[in-house]
Amino acid sequence: MKNTSSCIVPFPARYVVIPPDDAPRGASFYLAAEEFLARTAHSGQSYFFTWQVGPTVVMGRHQHMASEIDVDFCRAEGIDICRRRSGGGCIYADGGNIMSSLITGSAGVESLFAAFSEGVAGVLRRAGAPVGLSGRNDVVLSDGGKVCGGAFYHLPGRSIVHATMLYDADLRLMAGALRPDEGKLRARGVKSVRSRVALLKDVLPTGCGVAALRRALRDTLCSGPALELTGADVADIRRLEQTYRAASFIMGTTFAADCVRSARIEGCGRVEFRWKTDGERITDLHLSGDFFDDGCAEYAFAQVLQGAHFTPDEVAEKLGAAHPEQHVRGLTARDVMNILFQEVQ
């Protein structure tokens with residue numbers, strides 16, 4: 001049977017209205033709202049909503065907190081720290097950002113990213129911003145400054161894409177909170193987070209601010225009656241949110257490895273393997289980085305390589321049967337071999 005999942009057209013979507021609350025909501029609430037909709041809303045429809053938060057750092061699913069953010073700075077400045085279930089890199093957001101969420105059917109990664117990114121870019125072009133698409137998931141100005149980036153993950157039968165649109169931001173907090181991978185910056189020919197990103201407020205006409213952009217996203221990407229969530233829905237989301245606020249989820253996996261090797265792979269991102277051996281065999285293995293996975297890449301690689309002799313021949317045989325490109329976007333068996341054996345080739 002032909003796989004038609006990559007042919008899904010996510011727009012127009014149905015807009016989701018979340019009842020207001022007296023207390024500010026953090027990113028963890030809206031991430032839980034995405035998951036709630038993916039698990040409960042009608043599967044034959046796409047859903048879309050936008051949201052905003054106070055100063056926040058959101059890590060990708062597979063990133064190490066200490067490597068990606070300055071925790072002490074965030075605590076001193078009152079910056080919230082949370083983690084999402086999607087891969088990709090760490091982002092800073094505040095009231096000058098527009099966060100957007102799309103929940104749609106199970107779709108091919110490339111086609112879904114392309115449809116989502118082009119939909120957002122089209123809204124910005126009509127608003128007057130000279131933007132195009134670049135790299136894995138970026139919407140950039142004509143001079144190369146990044147104004148929007150996205151990430152995704154899958155649940156059974158559903159795909160979730162979310163993005164951060166940078167209209168304005170406290171750049172001091174952004175620069176202080178994030179510890180970007182130097183290799184990633186060098187690959188883009190920039191020296192800092194600030195020199196990589198751009199602000200939409202600098203290129204859009206007067207009067208086209210955050211509120212106008214949120215309306216434009218809704219009017220352009222959605223049609224039909226909105227889905228209005230109920231108080232009971234919000235209560236369910238709040239319960240689900242607790243899984244995002246759990247310290248174990250935010251902190252991520254801590255692992256005292258015998259060996260750590262990593263590389264930045266073009267079209268994939270940064271990939272890091274940490275593992276232990278008993279002298280001959282791999283006894284434990286963890287995968288981290290800012291890559292995008294299709295399913296649970298960390299579990300898949302641990303299953304494949306656990307117990308294998310740490311030799312090029314045996315590892316290559318295991319990887320050949322496992323097809324890494326099916327687990328991590330843009331990663332090949334050759335890439336994995338180059339990372340694992342980079343010091344012994």
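In table form, for the structure just shown:
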read-out	value
At R0 = 35 Å, FRET efficiency that the Cβ-Cβ distance of Ala235 and Tyr299 yields, to 0.05	0.65
P(r) tail fraction, segment 130-175 - alpha-carbon pairs more than 17 Å apart, %	46
For segment 76-151: rounded, prolate or oblate by the Cα gyration tensor [a/c cutoff 1.5]	oblate
Accessible area of the chain belonging to carbon and sulfur atoms, whole % at 1.4 Å probe	51
Cα-based shape type of segment 190-290, given that a ≥ b ≥ c are square roots of the gyration tensor eigenvalues and the cut on a/c is 1.5	oblate
Residue-averaged [θ]222 nm for the chain, counting only DSSP H segments that reach four residues, each worth -39500 (n - 2.57)	-10000 deg cm²/dmol
The chain: translational diffusion in µm²/s, Stokes-Einstein, Kirkwood Rh over Cα pairs, 25 °C, 0.890 mPa s	116
Protection-proxy order for peptides 20-28, 170-178, 265-273, each taking the mean of Cβ atoms within 10 Å per residue, highest first	265-273, 170-178, 20-28
Segment 104-141 versus segment 289-345: alpha-carbon centroid distance in Å	30
Theoretical gain in end-to-end length, Met251 to Ser223 [0.36 nm per residue, Cα-Cα removed]	6.2 nm
Taking the C-alpha atoms of segment 5-60, convex hull volume expressed per residue in Å³	116
Gain in span if fully extended, Arg75 to Arg281, counting 0.36 nm per residue against the direct Cα distance	70.1 nm
Pairwise label distance in nanometres, Asp170 with Leu199, each label 7 Å out on the Cα-Cβ vector	1.4
Arg179-Ala321 FRET efficiency (beta carbon distance; Förster radius 35 Å; 0.05 resolution)	0.45
Nearest-0.05 FRET efficiency for Ala23 and Glu110, computed from C-beta distance (R0 35 Å)	0.35
Mean accessible surface per residue for the chain, computed with a 1.4 Å probe while every protein chain stays in place, in Å²	45
P(r) histogram, all alpha-carbon pairs of segment 209-257 included - 5 Å bins from 0, percent	4, 14, 11, 11, 13, 17, 12, 8, 4, 4, 1
The chain: relative contact order in percent, alpha carbon pairs under 8 Å with at least 6 residues between	20
Gyration tensor (alpha-carbon) shape descriptor, segment 244-329, a/c threshold 1.5	oblate
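The values are calculated or read from the model by the stated rules, or taken from the named source; none is laboratory data. Because the structure is a prediction, the values reported are computed rather than measured. Glycine gets a Cβ as well: all are built from the backbone with ideal geometry, and neighbour counts include every protein chain shown. What goes into the accessible areas is simple: the full protein's heavy atoms, side chains included, and nothing from ligands, DNA or RNA. Shrake-Rupley method; radii C 1.70, N 1.55, O 1.52, S 1.80 Å.
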